[in-house]
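The values are calculated or read from the model by the stated rules, or taken from the named source; none is laboratory data. Note that the structure is predicted; figures quoted are calculated from it, not measured. Please note: Cβ atoms are built from the backbone with ideal geometry, for glycine as well, and neighbour counts cover all protein chains shown.
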Amino acid sequence: MNATLLTARLAAIVLAVVTLVSASLHAEEVQKPILLFDGKNLDQWETIGTAQWRVEKGTIIGGQNGNPKHSGLLTTKRSFQNFDLSLQFMIDEHGKYNSGVYLRNEPGARRQSGYQINIGRAAAEEYVGLHMKEWLDKGDEFDKIRKPLAWNHLRIKAVGPHIEAWLNGQKIVDYTDPAPKPEHLVPGVIALQTYGADGHNGWVKFKQIQVLELGKSGE
């Protein structure tokens, strides 16, 4: 083998190694979860509406501050498109009072503009499931997985029109929109929602919120 050919092959090997290392480092960077709540403040969030949001003992608490007519959202400042979100929640047990997590919501919008994983009581037909103008998947339809007045772990994976959700480790939603609107697939904010129902000042709590950004393939 002459020196020129050997040099070319060595150069090709070095380039391949550098490319693999670079790709590996990039993958690690992309796959690192983003902590959306540090247990101390709401610096990564914006409030919309009249509901009250505060941080207390490492927990986000949302409610009506004495007026059941108050409602609103707590939205991320950043937008996300394809992602794997995890959090813990606890919710009041009263009538139709409910909360929810809006996915890819329009920044600044006061209402739901995309998919939502609802959080509520099945007895009031407010299932922990997927909703957008109607029930797309009732999820924990019989309230057998959610733990009343206790912390529940919720994981939501959104990749294009495919929405999945797990409640306390059990899959409750696996839905692919057969005819998604373009505006439901573009990047949007993640929003936590609360409003008074049945004339009741409800409350909802969230903690340990983090999100992993994903590619189009879900990886």
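Please indicate, with yes or no, whether at least one residue in the stretch 79-87 is in a strand (DSSP E or B), in the same structural domain as residue 164 (by TED's automatic domain parsing) and farther than 17 Å from residue 156 by Cα.
As a first pass, look at the stretch 79-87 and keep what is in a strand (DSSP E or B): 80, 83-87.
Imposing the further condition that a residue be in the same structural domain as residue 164 (by TED's automatic domain parsing) reduces the set to 80, 83-87.
Filter once more, keeping what is farther than 17 Å from residue 156 by Cα: none.
No, the stretch 79-87 contains no residue that is in a strand (DSSP E or B), in the same structural domain as residue 164 (by TED's automatic domain parsing) and farther than 17 Å from residue 156 by Cα.
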Item to check | Cβ pairs under 7 Å, 6+ apart, first in the stretch 193-208 and on the phi > 0 side of the Ramachandran plot, second in a strand (DSSP E or B) | outcome: 208/87; 208/88
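Residues that are in the same structural domain as residue 160 (by TED's automatic domain parsing) and in a helix (DSSP H, G or I): does the stretch 193-209 have at least one?
no
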Next on the checklist: So, in the stretch 181-214, exactly how many residues are among the aliphatic types (A, V, I, L, M) and loosely packed, with under 15 Cβ neighbours inside 10 Å?
Outcome noted: 1
Checklist entry - Within the stretch 164-180, is there a residue that is surrounded by fewer than 18 Cβ atoms within 10 Å (Cβ to Cβ), β-branched (Val, Ile, Thr), modelled with pLDDT of 95 or more and not in a loop (DSSP other than H, G, I, E, B)? => result yes
